[in-house]
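The structure under discussion appears below in the form of structure tokens.
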Amino acid sequence: MNRNDLRRLDLNLLIVFETLMHERSVTRAAEKLFLGQPAISAALARLRTLFDDPLFVRTGRSMEPTPRAQEIFTLLSPALDSISTAVSRAADFDPATSKAIFRIGLSDDVEFALLPAMLRRLRAEAPGVVLVIRRTNYLMMPGLLASGEISVGVAYTEELPANAKRKVLRRTKAKLLRADTVPGALSLDDFCARPHALVSFAGDLTGFIDDELAKLGRERHIVLAVPQFNGLATLLSETDIVASVPDYTAAALTAAGGLRAEDLPLEAQTYELHMAWRGAQDNDPAERWLRSRIQMFCGDPDSL
């Protein structure tokens, strides 16, 4: 196919193909693209004719791509990213008048502790924009970025899609939260003797604090695991339970009163909070503006 032949090609078909590659389901692709299932099925039939290949073979409840589909996807995905970048760079962005919709992935600690200040600034600067917040973590971030469900995310991250970009926003350390009125900081013995609460998205009963304690031949007793931070103050109130949380989350929780924060009675590693975004939108003026605000209100240059 030469470039003149491209006039016969409907770009929407390629978007459907890319979405099917991510979702492996006509139903989910239809939901993602806000189309009916018959429209997706019709597009798939046209794609099969265009590429002279079945492209997807049903296996149980999933649609598995053929080797030809995998080959096409490898070539097509960066091409669509380049088209998106070219179109985005041609458009100006005025935050005061924009009605853009931004889809952002945030870990629970970031949503609870850092989003409120950023939201107040965005509402003042860009009152017409819409934020769609998706819950994410290091396991979910790659898929959300690769599928385009978010354009940018803030969380601790590990592996990312090949075309994604990443920047360290801050280096943070844990603080100990307690609601009791016993004076003085906890010793290591006190720390290990106390019951602990753990915020765990996946329901785990261990964290990096336990790894540090194990190096000292010590352990703690976790009596509560919850999936988010916003109810932690109420749960610790009038108990002897303590919790170890990121320093910026501790600041948000103690600001309302009823809790105090102190340093852990052991040396614990700092960890990085990252901002990651889709490479296709690296030069998009709107996304660049959004990332600058995320860095301004979620970052901490003094910790870097």
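Rule-based calculations on the coordinates, nothing more; no lab input. What you see is a predicted model; the values in this text were computed from it and never measured. Ideal geometry is used to build each Cβ from the backbone, glycine not excepted, and the neighbour counts take in all protein chains shown.
Structure data summary
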| read-out | value |
| --- | --- |
| Charged-residue dipole, Cβ positions (Lys, Arg, Asp, Glu), segment 5-89 about Cα centre, Debye nearest 20 | 180 debye |
| Residue-by-residue Karplus 3J(HN,Hα) for segment 209-223, coefficients 6.51, -1.76, 1.60, Hz, glycine and proline x | 4, 5, 5, 5, 5, 4, 5, 9, x, 10, 8, 10, 10, 8, 10 |
| Stretch in the chain that is longest and holds no GluC sites (Glu not before Pro) that DSSP places in a loop and that have at most 15 other beta carbons within 10 Å | 1-157 |
| Pairwise label distance in nanometres, residue 42 with residue 266, each label 7 Å out on the Cα-Cβ vector | 6.3 nm |
| Measure of compaction for segment 5-89 (Cα Rg per 2.2 N^0.38 Å) | 1.07 |
| Highest-MSF residue in the chain out of 26, 168, 152 [GNM, Cα springs under 10 Å] | 26 |
| Semi-axes of the equivalent ellipsoid for the chain, Cα gyration tensor, largest first, Å | 45, 23, 16 |
| Spin-label model distance (nm) - residue 283 vs residue 204, 7 Å beyond Cα toward Cβ | 3.9 nm |
| Charged-residue dipole, Cβ positions (Lys, Arg, Asp, Glu), segment 188-289 about Cα centre, Debye nearest 20 | 200 debye |
| Long-range amide H partners of residue 222 with built H, under 5 Å | 196 |
| Positive-end residue of 230, 198, 216, charge dipole of segment 174-269 with Cβ unit charges | 230 |
| Translational diffusion of segment 174-269, µm² s⁻¹ [Kirkwood Rh, Cα pairs; Stokes-Einstein; 4 °C; 1.567 mPa s] | 97 µm²/s |
| Normalised per residue, the volume of the convex hull around the Cα set of segment 7-57 (Å³) | 69 Å³ |
